Structure formats: structure tokens, C-alpha cells
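Please read the structure below before turning to the comments.
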Amino acid sequence: MERKSFLKGVSATVLTGAVLAACGSPAEKSSEGSVEWGEGTIVHSVYFWLRTDLTDQEKEEFPQFFEALKKVPGFTACRVATPAPTTPREVVDNSFSYHWIAVFPSMDEVNIYEKHPDHLAAAEKFSKYWTRVEVRDSIV
């Protein structure tokens, strides 16, 4: 493995560990597998593509965005993820930088979350870090 690839992998692993901890403890909101999957549950998936010119400091600061999001009421579980090293295929898109996954009991909570002042403030504060965001909501 080339030194540059190795260092990039190590940096990503350290940063991922910090980000995965961003959803808090199970006592606050579940960040583990104990999610209630009742009828009407909404899986809110948000994909972020970060700017390629971020400084190391900005890359370290960005996970604070997820810390801010966890304070917004409504979801029962969340996770932050980064692209997996999936085998490249036409149907695979690993080009995103982060994936925020939040589970909501219903669309009512999603609608409140979307308009919540803390959510809007966090998005405004951290939007300078990304070039693209895509939201995909699914109902269980």
C-alpha cells in the first residue's frame, strides 16, 4: 500500500471514530441497533459531499455539525457513516463524504425536525463545508 493511501486511510479511520460517536449515548438517543421499526417509521438519509479544498482544521471541525443535529428533537436513533470500500460497479456511488441516518417515528416528526431552529442554524453554519447534499427519506 502506498504511503499516501495508507495515511489517508488512517486519517479517515480516526475521523470516522469521532463522527460515529456524534449521535450520543443510547440514553440520549439510540445510536445502536435498538431501533423501533413500527409501521410508518421514516428513515431519513442525508448524503454530504464535502469541498475538496477543506483544510485539516475544517475537516476536524465538520463533525461538530452532527453534534448540533443530535440536539434537534424528533428522531429516535441516528448514525453517521462514511463510504464503504465497495467493489466499484455501475450501480455503486461511493463519491459522498458523509451519510447522516436518522430514524423518526413518523412524518410528523420529520416535518418538525426540518423546520426546527437548531436544525436550520446548524445547516446554515456548516453549509460552507459542503458542495452538495442529497436527502432520501424512506417509510418502513
**Prompt:** If you count, for each residue, the other Cβ atoms within 10 Å and average over each peptide, how do 41-54, 80-93 line up from highest to lowest?
**Reply:** 41-54, 80-93
**Fill in**
Any residue on another chain or 5+ positions along whose placed amide H is under 5 Å from the amide H of residue 130 is listed here as 51
**Message:** For residue 106, what residues show an amide H to amide H distance below 5 Å, using hydrogens built from the backbone and excluding near sequence neighbours?
**Reply:** 42
**Request:** Would you pull out the residues with amide H under 5 Å of residue 98's amide H, same chain only if 5 or more places away, H placed 1.01 Å from N?
**Result:** 48, 50
**Message:** Taking the full set of protein chains and a 1.4 angstrom probe, give the accessible area of residue 36 in square angstrom, rounded to the nearest 10.
**Reply:** 150 Å²
**Request:** Mind jotting down the three principal axis lengths of the range 29-140 based on Cα atoms? Whole angstrom, largest first.
**Result:** 41, 36, 21
**Complete:** Of the convex hull drawn through the C-alpha atoms of the range 75-140, the volume per residue in Å³ is 114 Å³
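The values are calculated or read from the model by the stated rules, or taken from the named source; none is laboratory data. Owing to the predicted nature of the structure, the values given are computational and were not obtained by experimental measurement. A quick note on method: Cβ atoms are made from the backbone with ideal geometry, for glycine too, and the neighbour counts reach across all protein chains shown. The accessibility values were calculated without ligands, DNA or RNA, using every heavy atom of the protein model including side chains. Shrake-Rupley method; radii C 1.70, N 1.55, O 1.52, S 1.80 Å.
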